[in-house]
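Take a look at the structure below.
The values are calculated or read from the model by the stated rules, or taken from the named source; none is laboratory data. All values reported here derive from a predicted model rather than from experimental measurement. A quick note on method: Cβ atoms are made from the backbone with ideal geometry, for glycine too, and the neighbour counts reach across all protein chains shown. Heavy atoms of the whole protein, side chains included, go into the accessibility calculation; ligands, DNA and RNA do not. Shrake-Rupley method; radii C 1.70, N 1.55, O 1.52, S 1.80 Å.
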Amino acid sequence: MQADSQKAAHISGTTEPVVQQSKNRSAQLHIDVEALSAAAQDDRDRVCIIGAGKSGLIACKVLHQRGVAFDCFETGSQIGGLWVLNNDSGRSACYDSLCINTSKLMTRFHDFPMPEHYPMYCTHQQILEYLEAYTQHFGFGKSIIFRTEVLSVVPSPTGRFTVLTKDLDTGEVLTRQYGSVINACGHHWDPLWPELKGDYKGELSHAHAYRSPKPFEGKRVCIIGGGNSGMDIASEVAQSGATRTLLSCRRPVHVVPRYIFGKPADAQLKPWLGVTAPRRILEFGVTVMIRLSRGSQKSFNFPPPKFGLLRVHPTVNPGSGDILQLIRDKKVLAKPGIERVDGLTVHFTDGSSEDVDAIICATGYNVKCPFLPTDIRVLKDGKPELMHLVVHPGLPGAYFLGFVQAHGPMIPCVESQVPYVADLIQGVTELPSEEDMWAQIARQHMFNRRSFTQVKRHALMVEFHRYLLQLRLARCPKGKGWLGRKVWKAKTFLDFCSGNTC
């Protein structure tokens, strides 16, 4: 699928060169939109998919099965996105020992099970093999165009989208019009750096660039961030030759075990219970199960937050080692937030200080879509501007996949998003008015304020099963009367509770 001849065959005769070479990116993006629209091929029913990671692949599969024509543009030379180690797209944060933090029971595609011989928590190599097998099984690989960057997506005067792409091998810029655009480029590629007061003289890096613990052997290392990446890296570095490992967290963190009573933690809750049980009862039940199965987190000298488990995106115990056990054994030293740095000395907010040779910032990512118009943003002032985290009211016909953070795996979320998007593209269902969409987004903000702690990490947070149901109910076919909609939604709810969540 990586052959240049395939790319040429796919594009040849369907697009028209606008610019062969340009001195810089900004010059490319300031081409007159009306001129582009006139030059581009008019293909109003074709869909543009941006990205061939797991979200983009799900979109490809669903549209392929429905007979909807599409082109999928991928910056790298192979599918897989974040799961490709040293991806030549430059966007993957995958490291040598990376494995998933959700079980294969929950992470698998609903219509393509993972191989029996895969472990419960798979390695990045196995996930990539799985995505490649998925692509081959459903036969949509020929529609993926590799080594191609989307430069801009602009609504055209005709009501469609003018898309500029650049061939990263030849530098050729092409333009084409599409009826719809699906943004599946993800939001874990642009590193978010912490603001460190002072002048640090040691090695400063972001978790996005981390590949193995080898460069940190014999060094004193401080990892900033108590999320999944931060704890995974801290666990691995501490067991791989670092002379001292510090884990700095600004606020307490819930750490969830991978297994509860011998079963995967994320597979404990059934869909019907996830959408019917009161939130506080669910939270109490999960907390009690973890306490009985593992013991108190406080007993590991790493007290949890005072607020409940479901009010945050919890950290799953790393696959590289039991982080709580490492903290209790003082192989990893838990520290509060950083007040300032001075030379090699890190001063913490509790008044203590440590000399460290390297700081690794596992502080998350900016949510960006640089190819979209500047007034179209996924987040504004830390709040999502997408209805159902899929549709922007100001850009109908453009859809967003995977811009979500859930108490569960990503694949089921995207598998629920894509049929909704496909229904909208095919006219099976329809969007409400722009005013109603903004009203729904405002209600979503109110729910998030009540349900989750208000930190940047939770901007795209949803309750897993409730979100899947929300997307199912949004697919109500148009043309039904009041009673017809009520009956359809009741049947859909019962079907969802029976386990058919997609």
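Worth a mention:
- The residues of region 237-255 that are part of a strand (DSSP E or B) and buried (at least 20 other Cβ atoms within 10 Å of the Cβ), listed by number, are T245, L246, L247, S248, V255.
- For region 201-215, a residue qualifies if it is within 26 Å of D96 (Cβ to Cβ) and open to solvent by 20 Å² or more (accessible area, probe 1.4 Å), and the qualifying residues are G202, E203, L204, S205, H208, A209, R211, S212, P213, K214, P215.
- Boolean, S152 is modelled with pLDDT of 95 or more, touching a Phe, Trp or Tyr at 6+ places or on another chain (Cβ under 7 Å) and open to solvent by 10 Å² or more (accessible area, probe 1.4 Å): yes
- Condition check for K104: within 24 Å of D266 (Cα to Cα) and not small (G, A, S): yes
- Residue match in region 59-73 (condition: on the phi > 0 side of the Ramachandran plot, modelled with pLDDT of 95 or more, crowded, with 17+ Cβ neighbours inside 10 Å and part of a helix (DSSP H, G or I)): no
- Criterion: more than 25 Å from V455 (Cβ to Cβ), open to solvent by less than 30 Å² (accessible area, probe 1.4 Å) and under 27 Å from the mean Cα position of the chain (by Cα) - qualifying residue of G308, G295, G321: G321
- Scanning region 278-290 finds one or more residues that are closer than 21 Å to M120 by Cβ and open to solvent by less than 30 Å² (accessible area, probe 1.4 Å).
- Checking each residue in region 411-433 for being over 20 Å from T492 (Cβ atoms) and in a loop (DSSP other than H, G, I, E, B) picks out only S433.
- If only residues of region 348-377 that are touching a His at 6+ places or on another chain (Cβ under 7 Å) and without any contact (Cβ under 8 Å) to a residue 24 or more places away in the chain are counted, the one that is surrounded by the most Cβ atoms within 10 Å (Cβ to Cβ) is I376.
- Selection count, region 389-414, where residues are closer than 24 Å to P477 by Cβ, touching a helix residue (DSSP H, G or I) at 6+ places or on another chain (Cβ under 6 Å) and of a type outside the set (S, T, Y): 4
- Residue satisfying condition, being touching a residue at least 12 places away in the same chain (Cβ under 8 Å), surrounded by fewer than 16 Cβ atoms within 10 Å (Cβ to Cβ) and within 19 Å of the chain's Cα centre (by Cα), within set K456, K478: K456
- Conditions (1) assigned to a helix (DSSP H, G or I); (2) among the hydrophobic types (A, V, I, L, M, F, W, C); (3) touching a residue at least 12 places away in the same chain (Cβ under 8 Å): number failed by F403: (1)
- Residue tally, condition among the small types (G, A, S) and assigned to a strand (DSSP E or B), over region 198-229: 2
- Close pairs (7 angstrom Cβ cut-off, 6 or more residues apart or separate chains): at pLDDT 95 or above and among the hydrophobic types (A, V, I, L, M, F, W, C) in region 200-214, in a loop (DSSP other than H, G, I, E, B) and buried (at least 21 other Cβ atoms within 10 Å of the Cβ) anywhere: A207/A362
- Looking across V428, V418, one residue alone is open to solvent by 40 Å² or more (accessible area, probe 1.4 Å) and modelled with pLDDT of 95 or more. It is V428.
- Number of residues in region 163-187 that are closer than 28 Å to V62 by Cα and surrounded by fewer than 18 Cβ atoms within 10 Å (Cβ to Cβ) equals 1.
- In region 126-147, the residues that are part of a strand (DSSP E or B) and over 21 Å from the mean Cα position of the chain (by Cα): I145
- Just so you know, in region 259-277 the residues that are in a helix (DSSP H, G or I) and not aromatic (F, W, Y) include one that is surrounded by the most Cβ atoms within 10 Å (Cβ to Cβ), and it is A265.
- Top-ranked residue in region 78-91 [being open to solvent by less than 30 Å² (accessible area, probe 1.4 Å) and touching a residue at least 60 places away in the same chain (Cβ under 8 Å); ranked as nearest to the chain's Cα centre (by Cα)]: G81
- Residue check for P119: in a helix (DSSP H, G or I), out of contact with any helix residue (DSSP H, G or I) (no Cβ under 7 Å at 6 or more places or on another chain) and modelled with pLDDT of 95 or more: no
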